[in-house]
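Trainee: Quick one: structure below, then a few questions.
Read-outs: derived from the displayed coordinates by stated rules, not from any lab. Nothing here was measured: the structure is a model prediction, and the numbers come from that model. Cβ atoms come from the backbone with ideal geometry, glycine included; neighbour counts cover every protein chain shown.
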Amino acid sequence: MITRVCLFATVVALLVVTLAAAQYPVLDMAADRVVQKYQQSTCEQLWEQRGKPKSPQEQELVQLLRGDPQMRAALINKVAAPVANKLFECGMIP
């Protein structure tokens, strides 16, 4: 009985994760690029980019995220940990 419950819970969890990932495919690609940018950049590059203006694509994405709280939450959930870790390593956050 316990095995069936655990199996059912696992299947449901996988289904939820799959549906959540498929909900915003363009956002997933953007999030992957953001994570890749932070992982591949040196601390010096990140410090230099900090004050520069955003590209038109980045500005458009920010406007889109301001208008859609669910999409914003999905992006933050995907990029928060890798970006925060890199910023911490570079001394950009305490």
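Trainee: Return the distance in nm (one decimal) between the two label points of a simple spin-label model at residue 60 and residue 92, each offset 7 Å from Cα along Cα→Cβ.
Mentor: 2.4
Trainee: Under the 0.36 nm per residue contour assumption, what length would be gained going from the current alpha-carbon distance of residue 47 and residue 76 to full extension?
Mentor: 8.3 nm
Trainee: Now for a different question. Quick one: 71, 92, fewest Cβ neighbours within 10 Å first, how do they rank?
Mentor: Lowest count first: 92, 71.
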